[in-house]
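See below for the structure under consideration.
The values are calculated or read from the model by the stated rules, or taken from the named source; none is laboratory data. Fair warning: this is a prediction, and the values are worked out from it, not measured in the lab. Note that each Cβ is placed from the backbone with ideal geometry, even for glycine, and that neighbours are counted across all protein chains shown. Surface accessibility is based on the protein's heavy atoms, side chains included, excluding ligands, DNA and RNA. Shrake-Rupley method; radii C 1.70, N 1.55, O 1.52, S 1.80 Å.
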Amino acid sequence: MMFLISPGAAGGSLLLMGLLAALLTARGGPSSWGYVSQALLFHQVRKYLLRLDVRKDHVKFWRPQLLLLVGNPRGALPLLRLANQLKKGGLYVLGHVTLGDLDSLPSDPVQPQYGAWLSLVDRAQVKAFVDLTLSPSVRQGAQHLLRISGLELECSGVLIRGKHPNANFVCLSGGD
């Protein structure tokens, strides 16, 4: 309707609005309230995860699911990349067990490490989820990571264990 009444003013206002939007996009600082694309992606992922049904498992839907436990991330870069190549099309979880008991510590020692692990995943250029846990033993921590990552329920889940100085177990299984 604006173009019928005054085409020049309508065109000028649209041009001004476009320039203002471009200026705000170019010079606008980062927002602290999040992004719409993240919310839409979360909604889609949640919708499709709810559609999964373990009763409808079939061998044609098999995908590798890996949990890699690493004690020293600096020395395990080749292992990180190998596991990334093995998981093609599947799920890859990079896990770490910090030994300790939360009741005897003043704060959670795992939380400050999370950012460093995410930057390691970025620098190594692997597509993996990072999961950290605090446990009295490496075995209990590994079982905890298997459970919370959902790999314990799948018969196709694989645990890859890197060298950990306090690891004294030989094998892990979901029922153990």
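Binning the alpha carbon pair distances of segment 79-143 at 5 angstrom intervals from zero yields the distribution 4, 17, 23, 21, 18, 11, 5, 2, 0, expressed in whole percent. Angle, helix 77-86 long axis vs. longest principal axis of the chain, Cα atoms, 0 to 90°, nearest 10? So the helix axis and the longest Cα principal axis differ by about 80 degrees.
Over 19 Å between C-alpha atoms is what I'm after, so list which of Lys88/Lys127; Lys56/Lys87; Lys87/Lys127; Lys47/Lys127 land there. In this structure, Lys56/Lys87; Lys47/Lys127 lie more than 19 Å apart at Cα.
Where the accessible area of segment 1-101 is counted over protein heavy atoms with a 1.4 Å probe, how much of it, in %, is carbon and sulfur?
67
Distance distribution P(r), segment 11-110, all Cα-Cα pairs, bin width 5 angstrom from 0: 2, 8, 9, 10, 10, 12, 15, 11, 7, 6, 5, 3, 1, 0 percent.
Using the 1.4 Å probe convention, the accessible area of segment 1-151 works out to 73 Å² per residue with neighbouring protein chains retained. Taking the helices alone, the chain has a mean residue ellipticity at 222 nm of -13000 deg cm²/dmol, built from -39,500 (n - 2.57) per DSSP H run of at least 4 residues and averaged over all its residues. When each of the peptides 118-129, 25-36, 4-15, 69-80 is scored by the mean number of other C-beta atoms lying within 10 Å of its residues, the order from highest to lowest reads 69-80, 118-129, 4-15, 25-36.
Can you tell me the 0 to 90 degree angle between the C-alpha axis of helix 7-27 and the longest principal axis of the chain, rounded to 10? In the chain, helix 7-27 runs at an angle near 30 degrees to the longest axis. The Kirkwood hydrodynamic radius of the chain, based on inverse pair distances between different Cα atoms, is 20.1 Å. Computing FRET efficiency as 1/(1 + (r/R0)^6) for Ser31 and Ser119, where r is the C-beta to C-beta distance and R0 is 25 Å, gives about 0.70.
Across all C-alpha atoms in segment 32-81, the radius of gyration and Dmax reach 17.3, 44 Å.
Rounded to the nearest 0.05, the FRET efficiency derived from the C-beta distance between Tyr48 and Gln111 at R0 = 35 Å is 0.75.
Once C-alpha pairs closer than 8 Å and six or more residues apart are averaged by separation and normalised to the residue number of segment 1-158, the relative contact order reads 22 percent.
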